[in-house]
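What follows draws every value from the coordinates through simple rules; no lab data is involved. Here the structure is a predicted model, which means the values were calculated and not measured. Every residue, glycine as well, gets a Cβ built from its backbone with ideal geometry; the counts of neighbours run over all protein chains shown.
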Amino acid sequence: MATPASKALSIIIKIINSLLNNAILIIILTLLMFAGYALWDSSQLYQAADKNNYEVYKPAIADEGKSFQELQAINPEVIAWLTVYGTNIDYPINQGTDNMKYVNTNAEGEYSMSGAIFLDYQNKSDFSDFNSILYGHHMEKKAMFGDIGSFEDKDMFDSHKYGNLYVNGRDYGIEFFSYVHTDAYDSFFFTAAVRDEDRAPFLNNVILKSMHKRDIGVTISDRIILLTTCSINSTNGRDILVGRIMDETFIDPFIFEETDDGSVILRADARTDFLSNIPKAFWIQAGLILLALLLAIPIINMNRRNVRETRAAKEALMKEFNKAGY
């Protein structure tokens, strides 16, 4: 038969176990709160970078750019609009007095970690230079310039040939002819407005270092545009999509199609794949939250059981002490 001393020791052990379980539970709940905050914070970041935030400002022939002009009234450093067909790249373009401002400032001029798409401050704002350089963050959920790295896939490069540049009240077509993977130290690619005598070497270097390319007859008399962003595949890597700015415009083949009579209609299969736009980070953080919940539930149940058993043991021990006359 158990003695009062052994029962007291048993109660002490249960209390210690309960304290340890509570400590583990607190750690799990803390991790759960941290994961929840990280999930919320990531959501806010990607929401701020979502192209749909600016859709109301996108220039259109129907409204003669009225909404775009409203955006320019909010922030006069908005100079153009860039669209890469078949991607999420569909944003206003800003240009500051240096290349740092729009790293963490959005198109409306407000602080934002997602920044904005911006033209190199050394370039002319009308894109009349031989080479115009655009910068943007590489973000998950294919926000900002997050889609550029996708052009490393040959099928992606081959099937996504065109884009559109709206500047100074009119549209220009963009025909992409090169995808380059380089590093941040290759200053040749980050030299804005090269001199006339450097045009041929610049263009030759683009062709030489292209991971993918197509011959569209680009010459030193053309205007080229470079869309550059950080690469996730290498330290200090840079992904660059290079195109030629043209007076001719192109329809978006992923949304519209041309009929036999020459008219343009909306494609029947034009739609957005919601799940493909959810970032990997979301799934990782959601998984951590689910794991923490799965770990916390049995510990909570164990604690409740320990509390009940400890309370019952205390009551039984007190009865024995009372019987013994203590």
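Relative to the present Cα-Cα distance, how much length would full extension add between Gln69 and Asp126 at 0.36 nm per residue of separation?
18.9 nm
Suppose every Lys and Arg Cβ carries +1 and every Asp and Glu Cβ carries -1, with no other charges. What dipole size does segment 54-278 come out with about its Cα centre, to the nearest 20 debye?
500 debye
Can you grab the distance from the C-alpha centre of segment 113-154 to the C-alpha centre of segment 207-261, Å, no decimals?
Taking the Cα centre of each part, segment 113-154 and segment 207-261 sit 12 Å apart.
Identify the trypsin sites (Lys or Arg not before Pro) of segment 187-227 meeting these criteria: DSSP loop state and at most 15 other C-beta atoms within 10 Å of the C-beta.
Taking segment 187-227 and a limit of 15 other Cβ atoms within 10 Å, the loop trypsin sites (Lys or Arg not before Pro) found are Arg195, Arg214.
Over the Cα atoms of segment 177-217, each weighted equally, I'd like the Debye log10 I(q)/I(0) at q = 0.17, 0.29 Å⁻¹, rounded to two decimals.
Once normalised to I(0) and log-transformed, intensities are -0.47, -1.12.
Between Asn104 and Ile255, what is the spin-label point distance in nm, taking each point 7 Å from the Cα along the Cα→C-beta axis?
3.3 nm
By the gyration tensor of its Cα atoms, with a ≥ b ≥ c the square roots of the eigenvalues, what is the shape of segment 54-278: rounded for a/c under 1.5, prolate for a/b over b/c, or oblate?
rounded
List, in order, the whole-Hz ³J(HN,Hα) value for each residue of segment 214-228 obtained from phi through the Karplus relation with A = 6.51, B = -1.76, C = 1.60 and θ = phi - 60°; use x for Gly and Pro.
Taking θ as phi minus 60°, the curve returns 9, 8, 10, x, 5, 10, 6, 8, 7, 10, 10, 10, 10, 9, 10 Hz for segment 214-228.
With a ≥ b ≥ c the root eigenvalues of the C-alpha gyration tensor of segment 104-214, is it rounded (a/c under 1.5), prolate (a/b larger than b/c) or oblate?
Because its axes are fairly even, with a/c under 1.5, segment 104-214 counts as rounded.
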